[in-house]
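K.L.:
Here's a structure for you.
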Amino acid sequence: MLDTADREGLSDVLSETHPASIAEFSEGLSTEETWKLLDYTDSQQQANIFAFYTPQHQLELAEGVNHERFAPVLEKMSHDDRGNLLRKLGPKFVEALMPLVAKADRDDIKKLLSYPENTAGGMMTTDFVSISENMTAEQAISMLREKSPSSETIYYLYVLDDYYHLQGIVSLRDLIIAKPDSRVRDIMSDRVISVKVTQDKEEVAQLLAKYDFLAMPVTDEQNRLVGIVTYDDAIDVVTQEATEDALHMAGVGNLAENYLEAKFTSIWRRRAVWLSLLFLAELGTFSAIAHFQDQLDKLTVLALFIPLCISTGGNSGSQAATLVTRALALGHIKLGDWFRVLRHELVMGIMLGLTLGVIGFARASLTPESVINPPAKVEAAEAKENEAPPEKVNRFMLAHTVSQAVVCICLWGTMVGAMLPLIFKKLGFDPAYASSPFVATFVDVTGIVIFFSLSKIYLL
């Protein structure tokens with residue numbers, strides 16, 4: 001229909017289709033084709049559709065059209081969404097666009113952009129309904145009818161005094177069932193839970209989930225209401241943080257773009273950098289094994305148990321790191337709980353180590369005698385003059401060494417995995433960086449040292 005310019009038919013289809021569906025089927029269009037499609041709708045519908053595009057696609061569309069064409073769409077977008085978009089577009093783009101939008105929208109944009117992106121102020125919207133405590137329920141409902149078309153949510157009405165201080169909150173339900181002449185101050189709740197404009201957005205999302213609110217009021221230092229954070233924005237924050245944590249745990253780094261839309265070189269660069277760093281760190285394992293080469297020459301059977309022991313440490317460490325990282329993200333633990341975490345994981349590491357140690361003991365005990373003490377090695381030593389045959393390795397001592405190494409390495413890996421996220425958090429880094437690849441690499445090297453040190457004590 002774009003090619004035939006069937007304006008009437010296309011307009012009818014778009015008006016009857018949900019904006020999310022329109023955004024989905026138009027994702028494959030070029031920037032020019034997308035704007036041509038949007039021309040068949042009014043500016044409000046365009047803004048609704050625009051909100052469902054991926055952030056990367058929104059950037060491409062905004063940068064791919066002149067400012068005069070984009071300004072009407074920006075004015076109709078929800079305040080928090082357009083604030084997020086303009087932050088990504090940069091100050092030069094915003095400066096050129098500001099003269100083209102209405103003064104009220106211009107002032108609102110400047111206000112929202114003045115707050116850091118990772119704070120409540122950076123994710124809030126100023127589309128809310130406020131009322132006076134002296135109003136009657138009937139007057140409040142009348143005001144709600146007037147303001148609701150431009151408000152993001154009408155389920156909560158915020159009660160302010162003459163100086164915009166937050167006094168209370170009234171739910172739409174309470175307002176409807178109240179008598180028309182009831183005063184707002186008599187039906188409002190003055191036990192309001194709010195967040196400060198500078199509060200971290202992750203904390204805001206956690207509070208919304210904790211209290212099961214549809215929206216959270218945001219106040220400044222003087223307790224003046226400046227905006228609200230809605231549950232859909234909190235979901236976006238949780239999704240974003242969970243995605244970032246998963247990528248960091250995998251050693252990929254941040255990936256802002258859609259996977260299929262991201263440039264191949266961009267993904268390659270992020271993955272290659274992390275893999276290269278981990279590869280260089282893993283060279284420590286090579287150095288550790290080389291240091292104990294003499295032991296390997298005397299006891300070749302030890303080589304069979306190296307993968308078993310070091311993987312035990314890496315797996316147990318990754319488990320602990322993932323659990324602690326997730327607990328930090330959800331707010332279940334804080335830095336002050338480090339000793340409780342340490343104590344918990346100490347006991348857990350011992351129990352897990354003993355469990356795996358029993359399995360390791362059983363497996364080592366079943367190792368064939370021909371593998372523990374190879375006949376060819378004994379015959380080669382006897383064939384050489386003045387060289388005593390190698391001392392045979394006791395099967396029980398081998399099993400004991402392997403099981404004890406598994407216990408120690410599992411305990412060590414668990415402790416490292418539990419503490420590293422807390423250390424990273426204390427240093428100001430994302431705790432997720434301390435997860436799987438990093439922990440596994442670090443524990444691999446130290447696990448080799450533990451394994452061969454115990455082998456030297458019990459078998460040589």
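We did not get these values from a lab; they are worked out from the coordinates using the rules stated. As the structure is a computational prediction, the values presented were derived from the model and not from experiment. All Cβ positions, glycine included, derive from the backbone under ideal geometry; neighbour counts span all protein chains shown.
K.L.:
Counting helices only, and only those DSSP H runs with n ≥ 4, report the 222 nm mean residue ellipticity of the chain as the sum of -39,500 (n - 2.57) divided by its residues, in deg cm²/dmol to the nearest 500. Display every interim value, and only then the final one.
P.N.:
Numbers: 23 runs with 296 residues, N = 460.
After summing the helix terms and dividing by the residues of the chain, the value is -20500 deg cm²/dmol.
K.L.:
Same structure again: Using the scaling law 2.2 N^0.38 Å as the reference, what is the normalised Cα Rg of region 170-216? Intermediate results must be reported in sequence, preceding the final value.
P.N.:
Details: Rg = 13.9 Å, N = 47, 2.2 N^0.38 = 9.5 Å.
It is 1.47.
K.L.:
Could you state, as a whole-number percent, how many of the C-alpha pairs of region 264-459 are farther apart than 31 Å?
P.N.:
Values: 5798 of 19110 pairs.
More than 31 Å apart: 30 percent of the Cα pairs in region 264-459.
K.L.:
Could you sort the peptides 168-177, 10-19, 263-272, 113-122 by per-residue average Cβ neighbour count (10 Å cutoff), highest mean leading? Write out the running numbers ahead of the final one.
P.N.:
On the way: 168-177: 16.0, 10-19: 13.9, 263-272: 11.8, 113-122: 17.7.
Highest-to-lowest ranking by the protection proxy: 113-122, 168-177, 10-19, 263-272.
K.L.:
List the residues whose amide H sits under 5 Å from the amide H of VAL159, counting only those 5 or more places along or on another chain, with H placed 1.01 Å from N in the peptide plane.
P.N.:
Amide H to amide H, under 5 Å and 5 or more residues apart or across chains, VAL159 pairs with ILE131, GLN167, GLY168, ILE169, VAL170.
K.L.:
Determine, for MET98, MET188, the number of other Cβ atoms within 10 Å of each Cβ, and report the residues in order from fewest to most.
P.N.:
MET98, MET188
K.L.:
Could I ask something else about it? If the reach is capped at under 17 angstrom between alpha carbons, list the lysines near LYS456, excluding any in the same chain fewer than eight residues apart.
P.N.:
Partners found: LYS298, LYS392.
K.L.:
Using a simple spin-label model with points 7 Å from Cα along the Cα→Cβ vector, what separation in nm is obtained for GLU146 and ASP162?
P.N.:
My value for the distance between the label points is 1.9 nm.
K.L.:
Let me ask something else about it. Within 13 Å, Cβ to Cβ, of VAL439, how many net charges do the neighbouring residues add up to if Lys/Arg are +1 and Asp/Glu are -1? Could you put the intermediate results ahead of the total?
P.N.:
Values: positive: none; negative: GLU282, GLU345, ASP444.
Net of charged neighbours comes to -3.
K.L.:
Could you please rank LYS201, LYS210, LYS147, placing first whichever residue has the fewest other Cβ atoms within 10 Å of its Cβ?
P.N.:
Values: LYS201 25, LYS210 10, LYS147 16.
In increasing order of surrounding Cβ atoms, one gets LYS210, LYS147, LYS201.
K.L.:
If the limit is 29 Å between Cα atoms, which of LYS92/LYS147; LYS147/LYS179; LYS179/LYS210; LYS110/LYS210; LYS110/LYS426 go over it?
P.N.:
Working: LYS92/LYS147 33 Å; LYS147/LYS179 21 Å; LYS179/LYS210 32 Å; LYS110/LYS210 31 Å; LYS110/LYS426 34 Å.
Checking Cα-Cα distances, LYS92/LYS147; LYS179/LYS210; LYS110/LYS210; LYS110/LYS426 exceed 29 Å.
K.L.:
For the chain, what is the relative contact order in percent, using Cα pairs closer than 8 Å and at least 6 residues apart in sequence? It would help to have the intermediate numbers written out before the result.
P.N.:
Values: 614 pairs, mean separation 57.5, N = 460.
Relative contact order, the chain: 12 percent.
K.L.:
In Å, what is the Rg of the alpha-carbon atoms in region 1-102, and how long is Dmax?
P.N.:
Gyration radius and largest Cα-Cα distance of region 1-102: 13.3, 40 Å.
K.L.:
So if I take the alpha carbon set of region 48-91, get Rg, then get Rh from the Kirkwood formula, what is the Rg over Rh ratio?
P.N.:
On the way: Rg = 9.4 Å, Rh = 10.5 Å.
Dividing the radius of gyration by the Kirkwood radius yields 0.90.
K.L.:
Against the 2.2 N^0.38 Å scaling, with N counting residues, where does the chain land? I'd like the Cα-based Rg ratio to two decimal places. Walk me through the numbers before you get to the answer.
P.N.:
Values: Rg = 31.8 Å, N = 460, 2.2 N^0.38 = 22.6 Å.
Computed over Cα atoms of the chain, the ratio equals 1.41.
K.L.:
Neighbouring Cβ atoms within 10 Å as the yardstick, rank PHE424, PHE429 fewest first.
P.N.:
Numbers: PHE424 20, PHE429 13.
Neighbour counts put them in this order, fewest first: PHE429, PHE424.
K.L.:
While we're looking at this one, here's another question. Which helices pass in the chain if a helix is a full DSSP H run, must span at least 24 angstrom along its long axis by Cα, and must have mean Kyte-Doolittle hydropathy not below 0.5? Could the numbers behind the result be given before it?
P.N.:
Values: long enough: 231-249 (27 Å, -0.34); 264-291 (40 Å, 0.77); 302-330 (42 Å, 1.09); 338-365 (39 Å, 1.05); 395-426 (46 Å, 1.19); 436-459 (32 Å, 1.52).
Span-like helices in the chain: 264-291, 302-330, 338-365, 395-426, 436-459.
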